[in-house]
Amino acid sequence: MDGDNPIKKAYASILEADFERAIEWFEQAIREEPDNADYHYKLSVTFARSNRLGKAIEHALRAKQLEPGSDVYSYHLDTLQAKLLMQDAQKVLDGTDRTYLAVPLLMRAIELDPLSVEAHMMLSAAYAALQEYGKAVQMANETLRLDPEHPDAKRLAEEYRQQLKMYLQTQQTIREI
């Protein structure tokens, strides 16, 4: 059996913006060559583009298992896992007053994908919500290092600097009393 023909059809489907059909063709290619790491990787990318993160991770993991030495497959898996952690952190931030629970999730997401501007911004906001303004400024600055023109990071870095300054002044006043 040969998975090349279904792969060609999958790419044709992608060019037609029919991602569900592309997924079907990639799955067909995998049925024909189940140990082809590249097919699992391509299916993973397509699942990720279709916002089906669980399935994307499943196939990224399989690609990595089949070719453990592949930096491409490892990086892809790490970025997907980082996205999942960011989703989990966002649920925490949206649903509870337990912001502190989002911090380790976001720190791990940054470990997995150190270039994620979104993870840095979310961690900056989480630190600010916890009134850890020094760390909030640090993460906003890290976001600016990654994306110097990021409009929200510039604004928030300055906002957090001001909040840090006010916080330190308040602490000084309390100590003087």
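The values are calculated or read from the model by the stated rules, or taken from the named source; none is laboratory data. Note that the structure is predicted; figures quoted are calculated from it, not measured. Cβ sites come from the backbone with ideal geometry, for glycine too, and all protein chains shown count toward neighbours. Just the protein is used for accessible areas: all its heavy atoms, side chains included, with ligands, DNA and RNA removed. Shrake-Rupley method; radii C 1.70, N 1.55, O 1.52, S 1.80 Å.
Below are the figures for this structure:
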| quantity | calculated |
| --- | --- |
| Residues of segment 16-44 satisfying the condition of being aliphatic (A, V, I, L, M) and either in a loop (DSSP other than H, G, I, E, B) or modelled with pLDDT under 95 (or both) | 17 |
| Residues being of a type in the set (Val, Ile, Thr) and either open to solvent by 80 Å² or more (accessible area, probe 1.4 Å) or within 25 Å of residue 81 (Cβ to Cβ) (or both) - total across segment 132-161 | 1 |
| Residue list for segment 16-47, filter: among the small types (Gly, Ala, Ser) and over 24 Å from the mean Cα position of the chain (by Cα) | 29 |
| Complete set of residues in segment 115-131 that are open to solvent by 70 Å² or more (accessible area, probe 1.4 Å) and assigned to a loop (DSSP other than H, G, I, E, B) | 115, 131 |
| Subset of segment 39-73 that is within 20 Å of residue 14 (Cβ to Cβ) and of a type in the set (Ser, Thr, Tyr) - its residue that is most open to solvent (accessible area, probe 1.4 Å) | 41 |
| Unique match (being in contact (Cβ under 8 Å) with a residue 12 or more places away in the chain and more than 24 Å from the chain's Cα centre (by Cα)) among 13, 50 | 13 |
| Long-range neighbours under 6 Å by Cβ, at least six apart or interchain, first residue of a type in the set (Lys, Arg) within segment 20-33, second assigned to a helix (DSSP H, G or I) | 21/13 |
| Hey, residue 111 open to solvent by 90 Å² or more (accessible area, probe 1.4 Å) and at pLDDT 95 or above or not | yes |
